[in-house]
Amino acid sequence: MPDFLLELRSEEIPARMQERARADLARLFADEIAKAGLAAAAIETFSTPRRLALIARDLPAETAAVREELKGPRSSAPPQALEGFLRKTGLARDQLEERDGVFFAVLDRPGRPAAAVLAEAVAAVVRGFPWPKSMRWGAASLSTESLRWVRPLQGIVALFGEDVVALEIDGIAAGAATVGHRFRHPGPITIGSAGDYADKLRMCHVIVDQDERRRLIADGARAAAAAAGLRLIEDEGLLIENAGLTEWPVPLLGRFDPAFLDVPREVIQLTMRTNQKYFACADGEGRLAPAFVCVANIDATDGGTAIVRGNEKVLAARLADAKFFWEQDLKVPLEAQAQKLDQIVFHEKLGTVADKVERVAKLARWLVEEGIVTSVGAGDLADHADIAARLCKADLVTGMVGEFPELQGVMGGYYAAAQGEDPRV
């Protein structure tokens, strides 16, 4: 039995949306063909930044013929009831069967070509696809009835076996042609069937399987770090994101000025991860190393030298900003920062963040003095708890937390240590 290939090619799909999109595509497609009595032996889905694809394995050439029996009104029912039943079934009175005083309609529905079912299913899936965010584009976007997609839809491949499934969505006719890598092979590629889809794209510098791209990135990044005598700091979320940003991933090692290591480790890792999508590296003792691994989307002719140089330049600017915030924040004691909390409303009925801090400090001291919270050999625990509570929100008004909100609390610990607070605080 033949396989069905569907590729929906568009402008760049955000990496964070791709995993859910694959699941939604498989679910919606299976539901739509099931309505017509079709079922695939297996459904596989793939995504790259520019395409969302599905392969349905071993579909029958046509749906099975179905005999359906509908129970109608009793033979003694008013004529209006019988007329309504006849309209519903499309049959004449003499085509009904009467059993024990009840009319029955027996409907024989012949099988339908699978290609026709697939065309209807694809149209329904595309028009009802639940993207978290979608858009309209072009002249048709003036109408609210125009197609919505995550980014402008550019092409559709729909092949049942080796035959194109005749369908058109919003002026885009399905065919057998797609395109390869944006830079290495932007021209058209003719796909023969689902069987050669991945291989033909690979020849044109596109790895369509997201799991394979993840493995390539993970192995390549580890190898690049190891070649420099370093260890890659594993990050599964970053791995998935980079796989969703590239069609031909090539991990490359870059470096930055060791002077930036004076900035807390979390700041460096966060700015590399969030802003640049870089993997961090550590030395043999687990300390953060002045190196990173970026993932290019092209196998450059110079071995990636220019790409690495550009990424190093961008990262240096990012780290310079972080270093500036770090140094400026250190000039202001946390106690002084905490005084600014009375300018931030916590809740209109509960006062400012400063009011909240005062309540937390009183509770912290009470918990210690009442013996609810204890610490062996720490007679001044109540004072430490009180100080910690009064400083715990102070970093909210620092420049660093303003730039990286994810580091609130973490930065407070670094600033407290830098200004000589007791380690227990």
Net lengthening on full extension, LYS71/ILE372 (0.36 nm per residue, minus Cα-Cα): 101.2 nm
Under-5 Å amide H pairs with ILE344, H placed in peptide plane, nonlocal only: VAL353, ALA354
Additional length obtainable on full extension of the chain from ASP422 to ARG27, 0.36 nm per residue less Cα span: 136.6 nm
Global geometry of the chain, whether rounded, prolate or oblate, following the gyration tensor of its Cα atoms and the 1.5 cut on a/c: oblate
Cα centroid separation, segment 23-83 to segment 389-421 (Å): 57
C-alpha long axis of helix 114-127 to longest principal axis of the chain, angle in °: 40
Charge dipole magnitude, Cβ of K and R +1, D and E -1 - segment 97-143, Cα centre, debye nearest 20: 560
Accessible surface, per residue, of the chain when the full set of protein chains is kept, probe 1.4 Å, Å²: 51
Cα centre as origin, Lys/Arg/Asp/Glu Cβ charges: the chain dipole, Debye: 700
Net lengthening on full extension, PHE183/ALA228 (0.36 nm per residue, minus Cα-Cα): 13.2 nm
Two-site label geometry, GLN95 and MET203: point separation in nm, points 7 Å out along Cα→Cβ: 5.2
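Which FRET efficiency, nearest 0.05, do GLN154 and LYS356 yield, Cβ-Cβ r, R0 60 Å?
For GLN154 and LYS356, the calculated efficiency is 0.70.
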Computed Kirkwood radius, in angstrom, where 1/r is averaged over Cα pairs of segment 163-226: 13.8
Cα shape, segment 209-324, gyration tensor, a/c 1.5 rule: prolate
Electrostatic dipole magnitude of segment 114-179 [Cβ: Lys, Arg +1; Asp, Glu -1; Cα centre; debye, to 20]: 440
Spin-label model distance (nm) - ALA42 vs TRP131, 7 Å beyond Cα toward Cβ: 3.0
Degrees between helix 353-369 axis and first principal axis of the chain (Cα, 0 to 90, nearest 10): 70
Residues in segment 264-290 that a label on ALA317 would reach, taking backbone N under 13 Å of a point 7 Å out along Cα→Cβ: 276
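Going by a ≥ b ≥ c, the root eigenvalues of the Cα gyration tensor, does segment 323-399 fall in the rounded group (a/c under 1.5), the prolate group (a/b larger than b/c) or the oblate group?
Judged from the Cα gyration tensor, segment 323-399 comes out oblate (a/c at least 1.5, b/c at or above a/b).
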Rounded to 10°, Cα long-axis angle of helix 210-227 versus longest principal axis of the chain: 30
Segment 1-101 - percent of accessible surface contributed by carbon and sulfur, probe 1.4 Å: 48
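The values are calculated or read from the model by the stated rules, or taken from the named source; none is laboratory data. What you see is a predicted model; the values in this text were computed from it and never measured. Note that each Cβ is placed from the backbone with ideal geometry, even for glycine, and that neighbours are counted across all protein chains shown. What goes into the accessible areas is simple: the full protein's heavy atoms, side chains included, and nothing from ligands, DNA or RNA. Shrake-Rupley method; radii C 1.70, N 1.55, O 1.52, S 1.80 Å.
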